[in-house]
Amino acid sequence: MMGEQLADWQQPQFAALLESDYDYTRPRRGQVRQAVVLSVREDEVIVDLGTKRDGFVPRRDLELLDDAYRTRLQSGDRVPVCVLDTSGHRGELVVSLNQGLRQQDWLRADECLESGEICEAQVTGVNRGGVIVPFGRLRGFVPNSQLESVPRGSSGDRLRQAKSGLVGQTLSLAVIEVDQRRRRLVLSERVAGRRSRRQLLEVLTEGEVRTGVVRNLVEFGAFVDLGGVDGLIHVSELDWRHVTHPSDVLSVGDEVEVYVLSVDRERERIGLSRKRLLPDPWPRVVRRLHAGQTVDGTVTKAADFGVFVDVGEGVEGLVHVSEMPGGNVSHTDLGPGSPITVRVLEVDRWRRRIALSLRHVTQAAPSPGARTASPGHWV
């Protein structure tokens, strides 16, 4: 009966039987498949590829894996494997877990290139053209021209020293070239920096509070890194007290909480304030001031129209030129930091202004509430 021809109704059943027995989707050499770990031994790992035969990861392949990964590997794990041989000596498929993982990293590199995702990697080495970083199990390369952590224009010994100093440091990078055939994976710190700045500028809003790190101090203020983009705290926004130089209140490397004053996305400029997050001394100071009172202060700034005086905790008042002996600022030796005794003419709590005088400081003061300053004395 076996030799008899199959009836028409039996042929589909026989075809299905052949398909189940002879697995037409059998793995091909070089193919990468997802597999499930069945057992882990010291010298081999057996995996299920969803086919008639199990996969066998030989010891020589396991030795290429890092110790931490090999120690974590256990039954039930899903792993990528690359088919090396479809006819192993024990009938199993010989597969490579190491190559499977590397192929998975190439696919991830392609995804990062496509999406623009920013990744982080620790510099492990340097060469003449740039620095070396790991990308999973792949070897990535960051050219000199794509390093933002190296000062522009560096060359010779200065460039070599700067790159050597990066070993062990973690860089934020963007994938800019993937060529698996040539085993070429190129990354850029500069591109990652530009993308980070754009992303932060898009979400940064005026009025919010951020934490940053002081990167540089200059005469006119402090530059603060908000996580990829720098903002400026102008010297006038560092403290309620008069600040001669930013180093009086901050140091490079300090972590500081800042208030976002302005965001210019087109020019990539961010205005910040530290002062706005500190207690305002104005209500406390003016509570003890009244017209006619004599107070000791410190000159903070001299201008053609008068002298600004700190009357306590950074609260400033103005001695108008008309309230100075001789009516001329240049005739005095009042420079920033000079101690001075002044008379309070008026405190305008609504406009936050204090009018002061140097004239008749030692004479009897007018009665409280007397208005002796003209509007022109305000600034």
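The values are calculated or read from the model by the stated rules, or taken from the named source; none is laboratory data. Keep in mind the model is a prediction, meaning the values are calculated, not measured. Cβ: placed from backbone, ideal geometry, glycine included. Neighbour counts: every protein chain shown.
Take the residues of the range 75-129 that are touching a residue at least 40 places away in the same chain (Cβ under 8 Å), within 29 Å of D43 (Cβ to Cβ) and of a type in the set (D, E, K, R): which is surrounded by the most Cβ atoms within 10 Å (Cβ to Cβ)?
Restricting to residues being touching a residue at least 40 places away in the same chain (Cβ under 8 Å), within 29 Å of D43 (Cβ to Cβ) and of a type in the set (D, E, K, R), the top hit is E92.
Quick one: which residue in E219, E257 is of a type in the set (D, E), touching a residue at least 24 places away in the same chain (Cβ under 8 Å) and in contact with a helix residue (DSSP H, G or I) (Cβ under 6 Å, 6 or more places away or on another chain)?
E257
Just for strands (runs of 3 or more DSSP E) wholly inside the range 81-151: which have at least 2 residues that are farther than 22 Å from R70 by Cα?
Where strands (runs of 3 or more DSSP E) fall fully within the range 81-151 and carry at least 2 residues being farther than 22 Å from R70 by Cα, they are 118-122, 125-127, 130-135, 138-143.
Could we say that V186 is of a type in the set (V, I, T), outside the structural domain of A121 (by TED's automatic domain parsing), surrounded by 13 or more Cβ atoms within 10 Å (Cβ to Cβ) and part of a strand (DSSP E or B) here? Outline the logic, then answer.
Values: of a type in the set (V, I, T): yes; outside the structural domain of A121 (by TED's automatic domain parsing): no; surrounded by 13 or more Cβ atoms within 10 Å (Cβ to Cβ): yes; part of a strand (DSSP E or B): yes.
Here the answer is no, as V186 does not meet what is asked.
Is one or more of the residues making up the range 67-78 closer than 17 Å to S172 by Cα and among the β-branched types (V, I, T)? Spell out the reasoning first.
Within the range 67-78, the first condition is being closer than 17 Å to S172 by Cα, and the residues that meet it are none.
The answer is no; no qualifying residue exists.
Could you check the range 325-348 and list, in sequence order, the residues that are at pLDDT below 85 and in a loop (DSSP other than H, G, I, E, B)? Spell out how you get there, then give the answer.
So in the range 325-348, the residues at pLDDT below 85 come out as 325-337.
Hits for the range 325-348 are N328, T332, D333, L334, G335, P336, G337.
Being out of contact with any strand residue (DSSP E or B) (no Cβ under 9 Å at 6 or more places or on another chain), assigned to a loop (DSSP other than H, G, I, E, B), over 30 Å from L356 (Cα atoms) and not basic (K, R), is that true of even one residue in the range 247-265?
As a first pass, look at the range 247-265 and keep what is out of contact with any strand residue (DSSP E or B) (no Cβ under 9 Å at 6 or more places or on another chain): 248, 265.
Next cut, assigned to a loop (DSSP other than H, G, I, E, B) only: 265.
From what is left, the residues that are over 30 Å from L356 (Cα atoms) are 265.
Applying the additional criterion that residues be not basic (K, R) yields none.
Looking for residues that are out of contact with any strand residue (DSSP E or B) (no Cβ under 9 Å at 6 or more places or on another chain), assigned to a loop (DSSP other than H, G, I, E, B), over 30 Å from L356 (Cα atoms) and not basic (K, R), one finds none in the range 247-265, hence no.
Assuming K301 fulfils every condition listed in (1) of a type outside the set (F, W, Y); (2) surrounded by 18 or more Cβ atoms within 10 Å (Cβ to Cβ); (3) not assigned by TED's automatic domain parsing to the domain that holds G228 apart from one, which condition is it?
(2)
Condition (residue is at pLDDT 85 or above, over 23 Å from V178 (Cα atoms) and among the charged types (D, E, K, R)) applied to the range 74-84: is it met by at least one residue?
Yes; the residues of the range 74-84 include at least one that is at pLDDT 85 or above, over 23 Å from V178 (Cα atoms) and among the charged types (D, E, K, R).
Within the range 42-69, count every residue that is at pLDDT below 85, more than 20 Å from G30 (Cβ to Cβ) and surrounded by 15 or more Cβ atoms within 10 Å (Cβ to Cβ).
Counting residues in the range 42-69 that are at pLDDT below 85, more than 20 Å from G30 (Cβ to Cβ) and surrounded by 15 or more Cβ atoms within 10 Å (Cβ to Cβ) gives 0.
Among the residues of the range 196-208, is there at least one that is surrounded by 18 or more Cβ atoms within 10 Å (Cβ to Cβ) and of a type in the set (V, I, T)?
No, the range 196-208 contains no residue that is surrounded by 18 or more Cβ atoms within 10 Å (Cβ to Cβ) and of a type in the set (V, I, T).
Since D105 meets every condition but one in (1) at pLDDT 90 or above; (2) among the acidic types (D, E); (3) more than 26 Å from Q199 (Cβ to Cβ), which condition does it not meet?
Of (1) at pLDDT 90 or above; (2) among the acidic types (D, E); (3) more than 26 Å from Q199 (Cβ to Cβ), only one is false for D105: (3).
How many residues does the range 43-55 contain that are of a type in the set (A, V, I, L, M, F, W, C) and either more than 44 Å from the chain's Cα centre (by Cα) or not in a strand (DSSP E or B) (or both)? Even if it seems obvious, please write down each step before you answer.
Step one: filter the range 43-55 for residues of a type in the set (A, V, I, L, M, F, W, C), giving 45-47, 49.
Then drop every residue that is not either more than 44 Å from the chain's Cα centre (by Cα) or not in a strand (DSSP E or B) (or both), which leaves 49.
Selection size over the range 43-55: 1.
Counting just the residues of the range 304-316 that are out of contact with any strand residue (DSSP E or B) (no Cβ under 6 Å at 6 or more places or on another chain) and within 21 Å of H245 (Cβ to Cβ), which one comes out surrounded by the most Cβ atoms within 10 Å (Cβ to Cβ)?
Filtering the range 304-316 for residues out of contact with any strand residue (DSSP E or B) (no Cβ under 6 Å at 6 or more places or on another chain) gives 304-305, 312-315.
Restricting the remaining residues to those that are within 21 Å of H245 (Cβ to Cβ) gives 313-315.
Numbers: E313: 14, G314: 18, V315: 22.
So the residue we want is V315.
Taking the condition without any contact (Cβ under 8 Å) to a residue 60 or more places away in the chain, part of a helix (DSSP H, G or I), loosely packed, with under 14 Cβ neighbours inside 10 Å and in the same structural domain as N127 (by TED's automatic domain parsing), does R181 pass? Before you say what the answer is, go through the steps one by one.
Numbers: without any contact (Cβ under 8 Å) to a residue 60 or more places away in the chain: yes; part of a helix (DSSP H, G or I): no; loosely packed, with under 14 Cβ neighbours inside 10 Å: yes; in the same structural domain as N127 (by TED's automatic domain parsing): yes.
Answer is no for this residue.
What's the number of the only condition in (1) touching a residue at least 60 places away in the same chain (Cβ under 8 Å); (2) among the acidic types (D, E); (3) surrounded by 16 or more Cβ atoms within 10 Å (Cβ to Cβ) that E148 fails to meet?
(1)
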